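One structure is given below, encoded as structure tokens.
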Amino acid sequence: MDRGSTRLLTRNGLDWTERFEVVAAAAAGLSAERAMLDGEIVVMRPDGVSSFQELQNAMRGGRDEDLVFFIFDLIHLDGFDLTRVPLVERKGALQKVLAAAGPPAGILRYSDHVIGRGREFHGEACRRGLEGIVSKMANSSYRSGRTGEWLKSKCAARQEFVIGGFTEPQGSRSGLGALLLGVRDPGKGLKYSGKVGTGFTRDARIGTARLPREGAGAGSSDHSR
């Protein structure tokens, strides 16, 4: 932000201001002459969980009514470089800047935090179906790129599946299509779960398709849902 002019840049430096004009307009209304914010634009589902797929749909369809910008850091403010200021103090300054931006449920939202109780917080995030959490050192300075001071802990649901077969290839593909998976249900045998892509190269698909088609499960797969 620079005196009412706002630009939205991706982590790779691409200018996406025109794609998210409603977010840029909201940020231009903040009570600051100049500022640099760090955050993430998302689309929220009715259950309060962000959806990457819905964000992609909004970008393709030009819809901006569901966009939300969660702001979690303040890097520069009115000529002052805050990169060496401890994180908790930067967030305190950010909260004050956002306080005059309008209702908390607007486009711009302050990304709050919990100090301590990390394991409990991660467990609750996973129970709510969230992607995971980011743990940050409270007294850390701001540095671009990946550092050990910010750690992402994802919620990984894992399940071992039996590969019971495969489908015929579709379109220009050759060899085989998708893998047919099942899970072992105690007392009931193998229960069909669905199909997934193989990730095989063309040569691997053709070689696998030459295997005998008769018989039960040929192997297993430890697959993240």
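A short reminder: the numbers here are calculations on the coordinates, not readings from a lab. Since we're looking at a predicted model, the values are computed, not measured. Here the Cβ positions follow ideal geometry from the backbone for every residue, glycine too, while neighbour counts run over all protein chains shown.
Note on the range 18-113: the C-alpha convex hull projects to 6.5 nm² when averaged across all orientations. Taken one residue at a time, the phi angles of the range 126-142 give Karplus couplings (6.51, -1.76, 1.60, θ = phi - 60°) of 5, 5, 8, x, 7, 5, x, 9, 10, 9, 10, 5, 5, 9, 6, 7, 9 Hz. Gly and Pro are set to x. Among GLU131, GLU168, sorting on how many other beta-carbon atoms sit within 10 Å of each Cβ, with the fewest leading, yields GLU168, GLU131. For the peptides 81-91, 35-45, 187-197, residues were scored by their other Cβ atoms within 10 Å and the scores averaged per peptide; the highest-first order is 35-45, 81-91, 187-197. Excluding HIS122 itself, calculate the net charge of residues whose Cβ lies under 14 Å from the Cβ of HIS122, where each Lys or Arg counts +1 and each Asp or Glu counts -1. In short, +4. DSSP bridge analysis restricted to the range 18-113 gives an antiparallel fraction near 80%, rounded to the nearest 5. Taking the Cα centre of each part, how many Å lie between the range 29-57 and the range 85-137? Value for the Cα centre distance between the two parts: 13 Å.
Using a cut-off of 9 Å between beta-carbons, work out the net charge of the residues near HIS113 (Lys and Arg +1, Asp and Glu -1, HIS113 not included). Every neighbour counted, the sum reads +1. A crude spin-label estimate for the pair VAL183 and MET137, with each label 7 Å from Cα along the Cβ direction, gives 4.0 nm. Can you give the local net charge around GLY79? Use residues other than it whose beta-carbon is closer than 10 angstrom to its beta-carbon, Lys and Arg +1, Asp and Glu -1. It works out to a net charge of -2.
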